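In what follows, a single structure is set out as structure tokens and then discussed.
The values are calculated or read from the model by the stated rules, or taken from the named source; none is laboratory data. Predicted model only: the values in this text are computed from it and were never measured. Using ideal geometry, Cβ is built from the backbone for each residue, glycine included, and neighbour counts are taken over all protein chains shown.
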Amino acid sequence: MTSITVPISFKQEGYIKSLIKYGFARTKASVLRRILDKFSEDEAINAVYESQKEARKGNLLSGDLRELVKTIK
């Protein structure tokens, strides 16, 4: 595991402290880890939704995956 130091505003710190106070997490670090995990999950879900929207529009790829990957590079 690695550590990072990031300056945050007083408002952000207050929000983190309130999350600890109300039981979201036990420490500042665990609050930030949970928030990052949630953000990561949300991004994955959004990627699926975007893919579904593109598929409904007819924007699909077909063919040999190896050849398709070459066109992206």
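As a summary of the residue check, Ala25 satisfies the conditions (1) touching a Lys or Arg at 6+ places or on another chain (Cβ under 8 Å); (2) assigned to a helix (DSSP H, G or I); (3) not acidic (Asp, Glu) except for the one numbered (2). Residues that are surrounded by fewer than 10 Cβ atoms within 10 Å (Cβ to Cβ) and more than 20 Å from the chain's Cα centre (by Cα) within the range 1-18 comprise Pro7, Ser9, Phe10, Lys11, listed in sequence order. Applying the condition of being part of a helix (DSSP H, G or I) and of a type in the set (D, E, K, R) to the range 38-65 and asking which residue is surrounded by the most Cβ atoms within 10 Å (Cβ to Cβ) yields Glu54.
Checked against (1) at pLDDT 95 or above; (2) in a helix (DSSP H, G or I), Ile8 passes all but a single condition, namely (2).
Kindly evaluate Leu68 against the criterion of being at pLDDT below 90, part of a helix (DSSP H, G or I) and either at positive phi or surrounded by 10 or more Cβ atoms within 10 Å (Cβ to Cβ) (or both). Taking the combined requirement at face value, the residue satisfies it. Condition first: of a type in the set (A, V, I, L, M), at pLDDT 90 or above and surrounded by fewer than 11 Cβ atoms within 10 Å (Cβ to Cβ). Can you find one or more residues in the range 27-37 that meet it? Yes, the range 27-37 contains a residue that is of a type in the set (A, V, I, L, M), at pLDDT 90 or above and surrounded by fewer than 11 Cβ atoms within 10 Å (Cβ to Cβ).
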